Amino acid sequence: MAQIIDGKAIAADIRGEVAAEVAALSSAHNVVPGLAVVIVGSRKDSQTYVSMKRKACAEVGIRSVHVDLPEDISELALVAEVHRLNADPAVHGILVQLPLPKHINEEKILSEISIEKDVDGFHPLNIGKLAMKGREPLFVPCTPKGCMELLSRSGVTVKGKRAVVVGRSNIVGLPVSLLLLKADATVSIVHSRTPDPESIVREADIVIAAAGQAMMIKGDWIKPGAAVIDVGTNSVDDPTRKSGYRLVGDVDFAEVSKVAGYLTPVPGGVGPMTVAMLLKNTVDGAKRGIVE
């Protein structure tokens, strides 16, 4: 049976480390890290994510700046809001909750965030530096960073290993493949146009599943002993639950747990790490401000 990687416990450790850093910054430099979370409109899922992020900030002592904007805000007005936060010295990190309403160009908004405050790591300059050898981005995207942290804190060696990333999104698949490459893995990316993806996944010592397809990766896709990080969160109908559904990953947990060496559960694996890394990025931003 696979060793189950407890993302909740590891995230709690990291939050403890972040809280200690926040306290140290406050006492030594009188600086309280500030994170501005911008939400546009009233999407239920976005509101849930945002309230989780704000609550996590409060727990570690990061000051959270609430920017709640109406669904019909113009792109120009949103850009002005981002510029205001860029100029605010008490704000060390800016996060714009995605997706944005259809009439707003996401790429435009993300590239307006100051690279020094881009705690989500999605600014094209940060992604560009991540892609280049010998360059370091100021911030690494939170979910990919969380995946790498789960591997390293579970004692999984990445250097020299074969890693397969399933999915090529800008948010997870692409940046996590770049991080694995930086950590000296040999990386393949499998996606919706890949013929016979299971034959490629079967060669992997490390699998990062981020395709957004419920339970797509079966036990016979996995090399015995491989480390499997499941980034997927998919809701499937379950009449036995009060909500009528349950959350599953991109990995068939019951099957893969019999073959893999390490496996993250859904929920309780990658999810808590994403928020922990956001807090860590915010503190790093505040510390960088002091050094400079």
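The values are calculated or read from the model by the stated rules, or taken from the named source; none is laboratory data. What you see is a predicted model, and the numbers here were worked out from it, not measured in a lab. Here the Cβ positions follow ideal geometry from the backbone for every residue, glycine too, while neighbour counts run over all protein chains shown. Keep in mind that these areas ignore ligands, DNA and RNA; they rest on the heavy atoms of the full protein, side chains included. Shrake-Rupley method; radii C 1.70, N 1.55, O 1.52, S 1.80 Å.
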Determine, yes or no, whether LEU247 is buried (at least 22 other Cβ atoms within 10 Å of the Cβ) and farther than 19 Å from LEU151 by Cβ.
no
In the set VAL91, VAL22, VAL38, VAL60, which member is of a type in the set (Val, Ile, Thr) and closer than 28 Å to GLY249 by Cα?
VAL38
Report whether or not VAL50 is under 22 Å from the mean Cα position of the chain (by Cα), within 25 Å of THR264 (Cα to Cα) and open to solvent by less than 30 Å² (accessible area, probe 1.4 Å).
yes
Just for the range 254-271: of the residues that are under 17 Å from the mean Cα position of the chain (by Cα) and assigned to a helix (DSSP H, G or I), which one is farthest from SER154 (Cα to Cα)?
GLY271
Which ones in the range 240-287 are modelled with pLDDT of 95 or more and among the charged types (D, E, K, R)?
ASP250, ASP252, GLU255, LYS258, LYS280, ASP284, LYS287
Please go through the range 239-262 and give me each residue that is in contact (Cβ under 8 Å) with a residue 24 or more places away in the chain and either in contact with an Asp or Glu (Cβ under 7 Å, 6 or more places away or on another chain) or closer than 23 Å to SER64 by Cα (or both), ordered by number.
GLY249, ASP250, VAL251
Quick check: anything in the range 73-82 surrounded by 17 or more Cβ atoms within 10 Å (Cβ to Cβ), touching a residue at least 40 places away in the same chain (Cβ under 8 Å) and touching a Gly at 6+ places or on another chain (Cβ under 8 Å)?
no
With (1) free of Cβ contacts under 8 Å to residues at least 24 places away in the same chain; (2) closer than 30 Å to GLY41 by Cα as the list, and ILE127 as the residue in question, which single condition is left unmet?
(1)
Conditions: (1) within 29 Å of ARG63 (Cβ to Cβ); (2) part of a strand (DSSP E or B); (3) not acidic (Asp, Glu). ALA276 meets all but one. Number of the miss?
(2)
Enumeration of residues in the range 128-154 that are over 21 Å from ALA209 (Cβ atoms), open to solvent by less than 70 Å² (accessible area, probe 1.4 Å) and assigned to a helix (DSSP H, G or I):
GLY128, ALA131
Within the range 1-40, track down each residue that is in contact with a Lys or Arg (Cβ under 9 Å, 6 or more places away or on another chain), closer than 19 Å to LYS145 by Cα and surrounded by fewer than 16 Cβ atoms within 10 Å (Cβ to Cβ).
ASP13, GLU17
Residue pairs meeting the criteria (Cβ under 7 Å; at least 6 apart or on separate chains; first over 24 Å from GLU106 (Cβ atoms), in the range 24-53; second at pLDDT 95 or above and assigned to a loop (DSSP other than H, G, I, E, B))
LEU25/VAL31; LEU25/PRO33; SER26/VAL32; PRO33/ILE62; PRO33/HIS92
Within 30 Å of GLY155 (Cα to Cα), surrounded by fewer than 14 Cβ atoms within 10 Å (Cβ to Cβ) and at pLDDT 95 or above: is that true of GLY61 in this structure?
no
Could you check the range 219-241 and list, in sequence order, the residues that are farther than 25 Å from ASP45 by Cα, surrounded by 15 or more Cβ atoms within 10 Å (Cβ to Cβ) and not small (Gly, Ala, Ser)?
TRP221, ILE222, LYS223, VAL228
Taking PHE122 and the conditions (1) among the hydrophobic types (A, V, I, L, M, F, W, C); (2) under 23 Å from the mean Cα position of the chain (by Cα); (3) open to solvent by less than 30 Å² (accessible area, probe 1.4 Å), which numbered condition does it fall short on, given that it satisfies the others?
(3)
Sort out which residues of the range 175-195 are part of a helix (DSSP H, G or I) and hydrophobic (A, V, I, L, M, F, W, C), and write them in order of number.
VAL176, LEU178, LEU179, LEU180, LEU181
